[in-house]
1. If I filter region 365-409 down to residues being buried (at least 21 other Cβ atoms within 10 Å of the Cβ) and among the small types (Gly, Ala, Ser), which single residue comes out as modelled with the lowest pLDDT?
2. Counting only residues that are open to solvent by 10 Å² or more (accessible area, probe 1.4 Å) and part of a helix (DSSP H, G or I), how many does region 350-362 have?
3. Given the residues 197, 212, which is the only one that is open to solvent by 70 Å² or more (accessible area, probe 1.4 Å) and either among the small types (Gly, Ala, Ser) or modelled with pLDDT of 95 or more (or both)?
4. Being closer than 21 Å to residue 409 by Cα and among the acidic types (Asp, Glu), is that true of even one residue in region 286-296?
5. Cβ-Cβ below 7 Å, separation at least six or inter-chain, first residue in region 25-41 and in a helix (DSSP H, G or I), second open to solvent by 70 Å² or more (accessible area, probe 1.4 Å): which pairs?
6. Return the pair list, or none, for Cβ contacts closer than 6 Å from residues in region 168-189 that are open to solvent by 10 Å² or more (accessible area, probe 1.4 Å) to residues that are not in a helix (DSSP H, G or I), at least 6 apart or on different chains.
7. Note down all Cβ pairs under 8 Å where the first residue falls in region 43-71 and is free of Cβ contacts under 8 Å to residues at least 12 places away in the same chain and farther than 22 Å from residue 242 by Cβ, the second is of a type in the set (A, V, I, L, M, F, W, C) and open to solvent by 40 Å² or more (accessible area, probe 1.4 Å), and they're at least six residues apart or on different chains.
8. Pick out the one residue from 356, 329 that is of a type outside the set (Lys, Arg) and more than 21 Å from residue 388 (Cβ to Cβ).
Amino acid sequence: MERKIRINPAGRLFLLCFTAYMFSYFGRYNLSACLDLMVKDEIFSEVFGGYIQAAFLICYGIGQFINGRLAARIPPRIMIASGLFGSGICNLLMTFSSSSFTGILIVIWGLNGYCNAMLWSSIIQIFTEWLDEDERKKAGAHISPSIPAGMLTCYLITFVVLKNLNWRWVFAVCGTLLCVGGLIWTVGTFLIRSFISQAIKHHAEESGIVNSSGDRPAASLTLRLFISTGLIVLVFASLFNGALKDAVTSWVPQYLIDSFGFTPSNASLVSTLLPLFSVAGPYFGIWINRRFFNTECSTVGVLFLISAVCNAGMIFLGAAAPFAAVIMLAVSMACMWGVNTMLLTFVPFHFGGIGLSSAVTGTLNCIIFIGSSVFTYLYRIVSSAYQWNNTVILWFSIAAASSALCFFFAKVWKRRRPSAQ
């Protein structure tokens with residue numbers, strides 16, 4: 001007799017969060033894949049395409065800051081549904097792109113960026129308020145693979161659709177899937193509504209706040225709180241995480257082409273595979289934190305240190321050993337994903353008792369985005385003027401300085417941080 005596998009409500013809630021965040025990536029990278037074709041169809045110029053992409057990034061960064069605070073006051077199940085349906089509608093509207101209405105495309109894609117920024121803070125709020133401590137730690141550890149899963153699935157969908165149809169269908173398919181994701185989330189959370197209600201009530205009784213049900217507003221995330229809890233140190237760590245994660249990722253193909261003579265196709269392949277390797281980073285960071293430190297600041301310091309060592313190896317190898325350099329680059333990137341998990345998942349858990357987990361993760365995510373934007377531009381200047389080896393020296397310097405900063409203030413963070421609820 002076959003035995004049925006049953007997943008408890010907490011497990012179903014995690015799967016819904018995983019699926020929702022994975023689906024959100026379907027509407028993030030499809031424009032990049034369609035950009036050249038849209039330019040060839042004279043929908044807009046290449047320069048204007050850059051403006052549209054910039055609109056997404058700006059609204060996404062601002063959205064992280066705003067939505068982190070809204071998620072503490074608006075039920076996260078509504079925030080996530082709104083983000084998925086909103087992004088889906090924006091993608092569907094892009095199918096009607098025309099050279100006569102190019103200005104509206106900036107607005108549409110900017111709104112898409114804002115809608116995408118509605119999910120992560122809400123998911124952290126859910127983990128903090130709807131799950132107990134053991135379930136929360138497991139969820140925080142296993143949510144990271146949703147990112148590469150979403151990215152690779154988006155690339156696959158785009159490839160298949162462009163191979164058989166055209167770029168308008170890319171937006172149509174991705175937009176439809178995003179709406180399907182919103183429907184899955186809405187129906188799924190409705191089916192476990194009794195579990196959610198009990199979880200919110202239990203958390204409210206334990207912590208003395210009722211922020212998700214809206215009965216009483218959460219505390220405010222002030223500069224005084226940043227300083228008193230030691231969170232200010234992790235703001236700088238977030239800035240440098242953006243500098244060494246997303247900013248470096250965006251320049252990996254060009255670095256491989258210029259430094260090692262990779263063909264554009266091979267450089268693109270390696271860049272696509274790096275996120276798969278990076279999945280190990282969050283699990284490695286969680287293991288270090290649990291096994292040795294039990295303080296996120298020290299763990300972040302170790303991960304920055306490993307990244308610095310890898311960058312140093314890339315400097316000394318130069319162009320002599322491309323395979324070894326790619327391995328070191330992969331390890332460094334994996335460590336930055338580990339730092340990202342510590343900063344955006346486990347640090348915010350400490351602020352759940354005062355209703356600020358979503359505000360903290362939204363703020364740190366915004367800081368990471370700022371670091372990514374600033375250093376992406378800086379790396380272009382440095383690589384053009386001083387060659388790539390000097391750019392890698394800059395990567396090493398940032399990682400080493402970040403590691404030293406985190407180790408120096410690790411005891412302050414451990415002593416002052418709120419107790420995770």
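1. 372
2. Here the count works out to 2.
3. Only one candidate qualifies: 197.
4. yes
5. Note: pairs meeting the criteria are 39/46.
6. 168/95; 172/95
7. What qualifies is 45/39; 46/39.
8. Going through 356, 329 in turn, the sole match is 356.
The values are calculated or read from the model by the stated rules, or taken from the named source; none is laboratory data. Given the structure is predicted, the values throughout are model-derived calculations rather than measurements. Cβ sites come from the backbone with ideal geometry, for glycine too, and all protein chains shown count toward neighbours. With ligands, DNA and RNA removed, areas are computed over all heavy atoms of the protein, side chains included. Shrake-Rupley method; radii C 1.70, N 1.55, O 1.52, S 1.80 Å.
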